[in-house]
1. Being under 12 Å from ASN156 (Cβ atoms), surrounded by 24 or more Cβ atoms within 10 Å (Cβ to Cβ) and away from the ligand (no atom under 16 Å from the Cβ) is the filter; apply it to segment 120-146 and report the residue that is nearest to the chain's Cα centre (by Cα).
2. So how many residues does segment 4-23 have that are in a loop (DSSP other than H, G, I, E, B) and among the aliphatic types (A, V, I, L, M)?
3. Just to be sure before I move on: is VAL143 assigned to a helix (DSSP H, G or I), more than 30 Å from ALA12 (Cα to Cα) and not charged (D, E, K, R) in the structure I sent?
4. Please pick out the residue among LEU207, LEU236, LEU214, LEU199 that is within 16 Å of the ligand (Cβ to nearest atom), within 22 Å of the chain's Cα centre (by Cα), farther than 16 Å from GLY177 by Cβ and surrounded by fewer than 19 Cβ atoms within 10 Å (Cβ to Cβ).
5. Name the residue that is nearest to the ligand (Cβ to nearest atom), counting only residues in segment 181-196 that are buried (at least 22 other Cβ atoms within 10 Å of the Cβ) and farther than 14 Å from LEU92 by Cβ.
6. Looking at ALA66, ALA14, which is the one that is at pLDDT below 95, within 28 Å of THR200 (Cα to Cα), in contact with a helix residue (DSSP H, G or I) (Cβ under 6 Å, 6 or more places away or on another chain) and of a type in the set (Gly, Ala, Ser)?
7. Could you figure out which of (1) within 17 Å of CYS62 (Cα to Cα); (2) surrounded by fewer than 16 Cβ atoms within 10 Å (Cβ to Cβ) isn't true of LEU29?
8. Out of segment 1-34, which residues are more than 32 Å from the chain's Cα centre (by Cα) and not hydroxyl-bearing (Ser, Thr, Tyr)?
Amino acid sequence: MTTTATIAQALARAQAAGLARIDAQMLLLHVLGRATSDRAWLLTHDGDAMAGDALARWQALCARRAAGEPVAYLTGRKEFYGLALQVDARVLDPRPDTETLVEWALELIAPCPAPRVADLGTGSGAIALALQHQRPDARVLAVDASAGALAVARANAQRLKLGVQCVQGDWLAGLAGPFDAIVSNPPYIPAQDPHLAALTHEPLSALASGADGLQDIRTIVAQAPALLAPGGWLLLEHGWDQADAVQALLRAAGFSQVQSRMDLAGIARCSGGSMPVGLSPTVK
Ligand code: GLN
């Protein structure tokens with residue numbers, strides 16, 4: 001292990017060892033106590049010598065990153081939809097893909113005063129908090145089966161001063177509607193998918209869902225109609241190849257206007273539908 005290096009040398013060595021430059025930079029800013037927006041500072045100070053203890057701490061973090069730990073767990077922070085969330089291994093590392101779901105939900109609730117929204121499997125609270133931040137008038141319920149996840153979501157809500165209500169629960173079971181929108185990024189990876197091997201640091205319960213990955217989505221689609229207001233929407237994130245299957249489940253459950261939205265990579269990543277007015281069991 002090297003005991004002296006300039007910032008430029010340290011970054012070059014981490015990259016040579018196989019780390020993504022952005023990951024090495026994020027971990028370095030964390031160790032130096034600087035904001036993640038300070039990457040330009042690293043460039044203008046690339047000739048600065050790093051203090052030995054900072055260098056050693058950074059090398060240890062780089063080794064953990066190389067072994068697969070998400071940068072967000074190593075720094076304890078993740079930006080999501082403009083919010084600085086605190087995250088740890090009790091929750092899924094929020095992905096930028098999920099911002100697609102937030103954007104879609106915001107469009108749908110835009111005409112609705114004081115919309116009632118439920119975020120199922122909230123994890124860090126990312127979706128619920130982003131919606132509450134953009135729509136202070138909304139009444140947002142954040143639900144998770146995991147007590148550990150809810151503790152993370154509650155702490156984020158408190159720190160960000162966002163009035164999201166956090167409740168422990170099994171998807172929609174026992175909740176009182178009606179909701180104008182129900183949104184979820186549930187687990188959706190097939191239990192035997194080799195892709196899971198690269199995600200062992202994240203909670204399996206937030207990732208895998210039965211043999212075809214659709215077990216939890218089936219439950220949510222079955223529960224949602226009874227709790228949606230007439231014209232209310234259910235929006236679900238899902239895997240890259242699941243849009244057709246999720247659309248079929250939504251249609252079979254009586255949803256109308258069933259459609260999908262693409263993520264930043266152009267993959268159909270979310271599907272949703274609305275409860276036809278007049279067919280919903282709840283009257284607004
Ligand atoms: N999109 C994540 C992945 O495939 C999984 C998130 C999820 O299961 N909800 O890495």
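The values are calculated or read from the model by the stated rules, or taken from the named source; none is laboratory data. Just so it is clear, the structure is predicted and the values come from calculations on it, not from any experiment. For neighbour counting, all protein chains shown are included, and Cβ atoms are generated from backbone atoms with ideal geometry for every residue, glycine included.
1. Per the stated criteria, the residue is LEU129.
2. Within segment 4-23, residues that are in a loop (DSSP other than H, G, I, E, B) and among the aliphatic types (A, V, I, L, M) number 4.
3. Working: assigned to a helix (DSSP H, G or I): no; more than 30 Å from ALA12 (Cα to Cα): yes; not charged (D, E, K, R): yes.
Spelling it out, it is not the case that VAL143 is assigned to a helix (DSSP H, G or I), more than 30 Å from ALA12 (Cα to Cα) and not charged (D, E, K, R).
4. After applying the criteria, what remains is LEU199.
5. Applying the filter and picking the extreme gives VAL183.
6. Values: ALA66 fails: in contact with a helix residue (DSSP H, G or I) (Cβ under 6 Å, 6 or more places away or on another chain).
Residue meeting the stated conditions: ALA14.
7. (2)
8. First, pick out the residues of segment 1-34 that are more than 32 Å from the chain's Cα centre (by Cα): 1-6, 8-9.
Listed by number, the residues that qualify are MET1, ALA5, ALA8, GLN9.
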